[in-house]
Amino acid sequence: MNTTAHLTMTSTRSTRMWIFVAATMGLGWYIVDDWIGACAVGVLWLAWRTIRDDDGLPILAMALTFQWVQVTSGVWYHALTGRPLATIALSDYRPMVLIGLGCVAALTVGLAAGMAIIRRANRNRVRTSVSSVPIGWTGLIALYFIALSAQGTLVQFAYELPDLTQAILTLRFVHLALLFLILRRLSRPIVQWHWIGLLMLFEVLLGITGFFAGYREPIVMAVIALFEIFNPRRMQHWVGVGAFGVLLIAISLFWIGVRTEYRKEFDNETFAQSRSMQFDKMAQLSTDWWTNSHSMLDDMDRLVDRMWVVYYPALAVSRVPSVLPHTDGAFVFAAVQHVLSPRVFFPTKAELKSDSEIVRKYSGVWVAGAEQNTSIAFGYAGEAYIDFGVPLMFVPVFLYGLVAGLAYQTLSTRLHHEELRSGLLAVIFWLALYLFERSWVKTIGLLGTLLVYLGGPALLLDYYLNRFDVRRRGDAFDRATEQWT
């Protein structure tokens, strides 16, 4: 194909793409009956179009999509069903939705810029890649169950050593990395749906019998593993990914309907320590939920209101700066200072201020707090707005994305073992990027903690595995030489 024909084909594809994007944005505008729908579609397209992983992993795009859902879900739900939502009735939600979309866009651009910087710095360097780590199925499954069974012990041990709490708690996420590796192996070369289904059933049962919604991350890990080998021409792949999406919505709907009554049981210390009692109680609640007369739409309303996390920050946007002034970076700078002063080196560091106290002050609503053993946060976007207002608030969001992109591409380049690389990236960057409602100090702190306590050891492990591989190949070469001589 000559150069002219190639340019013509490229131009045609580009034109078709822009026509498709414009049509989809127009459809979004039509559905919502508001140009905010077109903006939402445009931001989602930007996330999936701009963020490209060298190995085809959609980790970053999926994390940004989850944030996008937290920003826009109520808009789409109300437009499609016409059902009233508390956030729409009690707040001026539109400015906060637009601010949230701006944050997702700024985060996307920052991630893309950070990844591009590292790629440019390594453009003349060939990345060597080893497909798997030298561990078989038996060892991998054994490590998985060891990591899973150690969850409770790690939590208890972590709080007995307050200076090392964060470091120890981070080790819990090793379980997710091992789960991802198992799912990845089960997905290639042929997807073994029956084993994946059984493993997901096991993980979901464990997840819904905990105090928090622990079923979400295993399902996300499965979707990421499937997307890595996703073939849009195979209907089986579409059905598999769609089934996991339906599963996530169905379980979330059930959880939102029973969680209040279920969590009350954790006041009983015996119940909190007994996995069998937790399974029995959840089985009873599931039967009652399914058989008792109740409106699924009411549960769906509550689920969407829980997912759509713009209510409290929307109240703050309406009060700042008309009632309360901007803080000129107080939240962001305090978060950076806190993260750069680890408790292991600064044992007298002050405790974090409750997120609920900040929400009470700036939203004007008395929300549940430390008195009820809970915390409600604005999220990084709300704090950024209180700090700087529009448009300066998008600068720290972009910078956070830039740092995350630099870290992502650095690990992707430096880790040579494909399984180790994909498992680590999936866990670190999903956990660090998917929550819109997380405060600045927890957002920045979690990324730093994961990079130090998971990324650092992974780089060391990869280094020693490389040395092992080189030595093994050298021994094999020596044996082959001896045979020929």
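Readers should treat all values here as calculations from the given coordinates under stated rules, not as data from a laboratory. For clarity, every value in this text was computed on a predicted model and none was experimentally measured. Note that each Cβ is placed from the backbone with ideal geometry, even for glycine, and that neighbours are counted across all protein chains shown.
Considering only Gly448, Leu140, Ala121, the residue lying farthest towards the positive end of the dipole of the chain is Ala121, judged by Cα position with unit charges set on Cβ. Taking the three principal axes of the alpha carbon atoms in segment 6-78, the coordinate ranges are 45, 29, 12 Å, sorted in descending order. Compared with the direct C-alpha span, the chain from Glu357 to Arg275 gains 26.1 nm at full extension, assuming 0.36 nm per residue. The count of lysine pairs in the chain that are at least 8 places apart or cross chains, and whose C-alpha atoms lie under 16 Å apart, stands at 4. Counting other Cβ atoms within 10 Å as a rough exposure proxy, the listed residues Met221, Met235, Met277 run Met235, Met277, Met221 from fewest neighbours to most.
In this structure, Ala250 and Ile135 have a Cβ-Cβ separation that, at R0 = 22 Å, corresponds to a calculated FRET efficiency of about 0.05.
Our estimate of slack between Ser149 and Leu399, defined as 0.36 nm per intervening residue step minus the Cα-Cα distance, is 86.2 nm. Annotation: extensible slack from Leu27 through Thr12 equals 3.2 nm (criterion: 0.36 nm per residue apart, minus Cα-Cα distance). Our analysis of segment 159-318 gives Rg over Rh at 1.02, with the two radii drawn from alpha carbon positions and Rh computed by the Kirkwood formula.
When Glu437, Glu383 are sorted by how many other C-beta atoms sit within 10 angstrom of their C-beta, beginning with the fewest, the order is Glu437, Glu383. Between the beta carbons of Arg234 and Asp267, assuming R0 = 45 Å, the FRET efficiency works out to 0.35 to the nearest 0.05. If you take the alpha carbon atoms of segment 51-484 and fit the smallest convex hull around them, that volume is 184 Å³ per residue. In this structure the amide hydrogen of His417, modeled in the peptide plane, comes within under 5 Å of the amide hydrogens of Val130, none closer than 5 places in sequence on its chain.
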